[in-house]
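Each reported figure results from applying straightforward, stated rules to the coordinates on display, with no laboratory input. Everything numeric in this text was worked out from a predicted model, so none of it was measured. In this analysis, Cβ positions are derived from the backbone assuming ideal geometry, glycine residues included, and neighbour counts consider all displayed protein chains.
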Amino acid sequence: MLSDAAKLYFDEFQDKIAVIKDAMDKKELRKAKDLLNILQNKTVEALAFIPAYDHRQYTLQLKTLSESLEKSTVSKPKILFNRGNVKKERPAETCNKSERSDVLPLNSLKQVNLHDKRDETIVISNQTGKDYTIQNLSSCKVYLNSSLSALRIINVKDCKIYTGPISGSAFVEKCYNSELNIASHQIRIHDTHLTNFFVHTMSDIIIEDCKDLGFGKYIYEYPNIEEDYKISNFAKERNCWNRIQDFNWLHQSPSPNWNLLQ
């Protein structure tokens with residue numbers, strides 16, 4: 001039987017979905033995207049009191065709506081990257097529940113694609129609020145020295161990737177033998193192996209179909225990172241770097257697919 005909180009959220013969710021669809025029908029795509037992002041974040045937090053099955057149905061509805069919104073955006077994405085000297089990394093110092101989500105809403109008007117690169121060092125600075133997709137990289141170093149809106153990392157091997165604070169979500173898939181330094185409100189990892197994550201996150205980390213992952217605290221710094229924390233609405237005192245949910249391990253004993261780095 002649903003709790004009172006779950007029943008109230010069901011009504012709120014349906015009302016918000018109707019408002020988003022109405023904005024899309026009126027071609028108010030920016031408004032629709034902003035409302036969708038807010039509803040996605042609230043749905044992640046609602047896992048604390050909503051049954052897992054119902055929560056997954058909400059997630060599927062959000063996924064379908066996100067795909068429809070992306071198709072409505074016809075502008076071509078920008079491809080921007082700069083190269084330069086790298087900055088050495090230095091150590092730095094209640095969590096939201098998370099739920100599986102395979103699609104992150106990316107705004108093509110502010111999207112940056114880094115793809116099909118090998119043995120390169122890429123440094124990008126002062127590009128606040130961009131959505132980044134990093135795909136098909138091998139033996140590369142990537143430094144994103146600014147506040148990001150969203151991040152996808154897909155199919156990278158033998159790479160080191162460092163990001164500034166992300167105001168939305170980070171989605172990682174098919175990474176192998178790499179090191180990822182990510183500060184994001186939500187982090188989801190699929191089909192990734194032999195990879196270490198140094199993270200600052202506001203929610204439990206979701207992993208699925210992964211093995212040999214290591215997790216430690218976010219250790220990256222660059223000029224103006226404190227300002228980027230504020231832009232991304234991060235509470236620095238709150239870090240769920242050691243709270244991992246393995247969707248392939250439902251036992252009470254610890255999952256063998258990940259460990260904490262000292």
Residues whose built amide H sits under 5 Å from the amide H of residue 132, excluding neighbours closer than 5 in sequence, are 112, 149, 150, 151, 152
Could the peptides 165-171, 61-67 be put in order, highest first, of the mean number of other beta-carbon atoms found within 10 Å of their residues?
-> 165-171, 61-67
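Please list 228-236, 149-157 highest first by mean number of surrounding beta-carbon atoms within 10 Å per residue.
Numbers: 228-236: 16.0, 149-157: 21.4.
Descending packing order for the listed peptides: 149-157, 228-236.
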Determine the principal axes of the Cα atoms in region 136-199, then give the extent along each, sorted from largest to smallest and rounded to whole angstroms.
-> 26, 21, 19
Determine ³J(HN,Hα), in whole Hz, for all residues of region 147-159 in sequence, where each value follows from phi through the Karplus function 6.51 cos²θ - 1.76 cosθ + 1.60 and θ = phi - 60°; x replaces Gly and Pro.
-> 6, 9, 8, 7, 9, 10, 10, 9, 6, 10, 9, 6, 10
For region 241-251, Karplus-derived ³J(HN,Hα) couplings (6.51, -1.76, 1.60; θ = phi - 60°; whole Hz; x for glycine and proline) come out as 4, 10, 10, 10, 10, 9, 6, 9, 9, 9, 7
Percent of all Cα-Cα pairs per 5 Å bin for region 182-243, counting from 0 up to the last occupied bin, reads 4, 17, 28, 24, 13, 9, 4, 0
Distance violations [Cα-Cα > 27 Å] among 33/230; 16/174; 27/236; 31/117 | 16/174; 27/236; 31/117
Proportion of all alpha-carbon pairs of region 4-72 beyond 14 Å (%) | 56
Over region 118-262, one equal point on each Cα, no solvent: what is log10 I(q)/I(0) by the Debye formula at q = 0.09, 0.11, 0.21 Å⁻¹?
-> -0.24, -0.36, -1.33
